[in-house]
Amino acid sequence: MKPHVVIIMADQLRYDALGRGFTPEIDSIGKEGARFERAYTSCPLCVPARGGFFTGMCPNKNGSLINPWEKADKRYGDVRQGVDNLYTLMEREWDSVHSGKQHLFTEGGKLEDRPDSLTRWCSTEKTYRQYLAENGKPAPGGERFRTHVPEMVDGKATKVSSYSNAETGCYEPGEKWYFDVYFADKAVEGIQKRDPAKPLLLNAMFLAPHPPLQIPEPWYGKVGKAEVELPDNVGVYCEHQSPLQMYNLTGVVGAGYSREHWAEAWRVYLGLVSMLDRCVGRVLDELKRQGIYDESLIMFTSDHGEMLGSHALFQKMCMYEESVRTPVYVKFPASSGLHKGAVCQEPVSHLDILPTLCDYLGLCTGNDMDGQSLMPLLHGEKTGVLERDLFIQYDGNGSRSNFQRCVVSGNYKLIADIFKDEIYYELYDLEKDVQEMDNLMFQEEYDGRACAMAEALARHMKDTGDLLTLPELRPKEFREKYEEFSNQ
């Protein structure tokens, strides 16, 4: 029988929240398997991030570019018909179970509403809302935990939208009624009711640590103030940081908070991360009770990261490491022969996950996938899989509005931040400047590297059918335009 496969995904988890003593259960997956220390999402936004993860195709090619909240731009949120995904590839041979957030949107209707779906949908955000309504309980959050922001719709008109902010509070109804405890309950129930004649496929999609930062005890008080160590870039709008972020939700919400407020937001966020860890632990415990843990392929990741005050920004929706870098931990079955504790420092993409699973599990897909199998890397072969650039894109939140394109080439990252007819460039050396506080676009000696990376990014955009085009980068003209300004 093929191995059991368990995919555990967090939402909006900073890569640097792990390994700090708050996540022993999640850390155990990495210790018993492989840790990819430089893994990147294909898009720092929930729906297109999952579109890339579950199809192995970049947003331009699978069609999912944004969260499809606005009717005028809804067509840009769905994965195109005919594109295979992890569920459709595996649900016939595996006993497919889903619990938690379902943000893989597909053209022609919701994935869970397919008449031919063989997946057991144990819980989704819809069933969670029904669960609260049936028991007379309020959902976490509310007006205090949301901020009004401008959002362009269809490239023609600006509306006022409301999105989560960095306010904190205690969710008084208690943890029994919280998103992720409910999702963990249903995931455990799904494992218990599995079909023993088939290998298990579990997609456990948690919401934590996505805001609102209103969380229940004991997690609200779990982390003390003294345990919070803020990175240097928290609450700092760096000199030569893109001013166009102030047109984006990230800057509109994040710029209003002091470093002291961010310390409290971090305290509560880490409490929420601790709760996520306990939920993950419950899933792992049930796999062990069922006697299938050792022979399960278990993967832990997050759809994207969270700025949480870094660069004075909040949420994701930008190309800084805190937003686009994601943890990827993979534990293989004991019989696989793959050694434990491998740490991979090479840049890899979420787009590589499905090709890797297809390679390991012997699956065939009709997709022309953009990712590459990481199995040669896991076997210790440093092949051409590493000799490539990684590309990331962002096309707006609930509609196409703000745009960003990014290329990661070895230790360097080039960002093109685009709003209307303006493009602001940032270049960072991630080995020397992991917090990205020194924009090398303002140092002439890096002009050649910046131009080469911009050319690679423009080629990728053209080759993948991007709706945008990137003009030739002229570093000297860029500096003359912006170097008189300061973001301090």
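Some points to look at:
- Here the 3J(HN,Hα) profile of region 23-34, calculated from phi with Karplus coefficients 6.51, -1.76 and 1.60 at θ = phi - 60°, is 9, x, 5, 5, 4, 5, 5, x, 5, 8, x, 10 Hz, Gly and Pro shown as x.
- For the chain, calculated [θ]222 nm from helices alone, where every DSSP H run of n ≥ 4 adds -39500 (n - 2.57): -8000 deg cm²/dmol
- If you bin all the Cα-Cα distances of region 258-314 at 10 Å, starting from zero, the percentages per bin are 19, 36, 24, 15, 6.
- Cα long-axis angle, helix 46-55 against the chain (0 to 90 degrees, to the nearest 10): 60 degrees
- Toward the positive end of the charge dipole of region 216-292, with +1 on the Cβ of Lys and Arg and -1 on the Cβ of Asp and Glu, the farthest Cα among Pro231, Ala265, Trp219 is that of Trp219.
- The slack in the chain from Ser117 to Asp438, taken as 0.36 nm per residue of separation less the alpha-carbon distance, amounts to 110.6 nm.
- Close amide H contacts of Ser96 (hydrogens built in the peptide plane, cut-off under 5 Å, sequence separation of 5 or more or a different chain): Arg120, Leu201.
- Qualifying chymotrypsin sites (Phe, Trp or Tyr not before Pro) in region 5-90, DSSP loop, other Cβ atoms within 10 Å at most 16: Trp69
- Distance between the C-alpha centres of region 281-320 and region 178-220: 12 Å, rounded to the whole angstrom.
- Exposed GluC sites (Glu not before Pro) absent - longest run of the chain, DSSP non-H/G/I/E/B, at most 12 other C-beta within 10 Å: 1-228
- Separation between Cα centres of region 229-267 and region 136-164, rounded to whole Å: 19 Å
- Summing Cβ point charges (Lys, Arg +1; Asp, Glu -1) relative to the Cα centre of region 39-105 gives a dipole of roughly 240 debye.
- Cα-based helix-to-principal-axis angle, 179-192 vs the chain, degrees rounded to 10: 40 degrees
- Region 417-488: chymotrypsin sites (Phe, Trp or Tyr not before Pro) in DSSP coil with no more than 10 other Cβ atoms inside 10 Å: Phe485
- For log10 I(q)/I(0) by the Debye sum over Cα atoms at q = 0.07 Å⁻¹, calculated from these coordinates, the label among [x] -0.42; [y] -0.34; [z] -0.53: [y]
- The chain: angle of helix 259-289 to the longest principal axis, Cα-based, in degrees nearest 10: 30 degrees
- Inter-part distance, region 409-468 to region 27-99, computed on C-alpha centroids, equals 25 Å.
- Per residue value of the accessible surface for the chain (all protein chains in place, 1.4 Å probe), Å²: 38 Å²
The values are calculated or read from the model by the stated rules, or taken from the named source; none is laboratory data. Remember, it's a predicted structure, so these values are computed and weren't measured experimentally. Positions of Cβ are backbone-derived with ideal geometry, glycine not excepted, and every protein chain shown enters the neighbour counts. When the accessible area is computed, the model is the full protein with side chains, heavy atoms only, and any ligands, DNA or RNA have been set aside. Shrake-Rupley method; radii C 1.70, N 1.55, O 1.52, S 1.80 Å.
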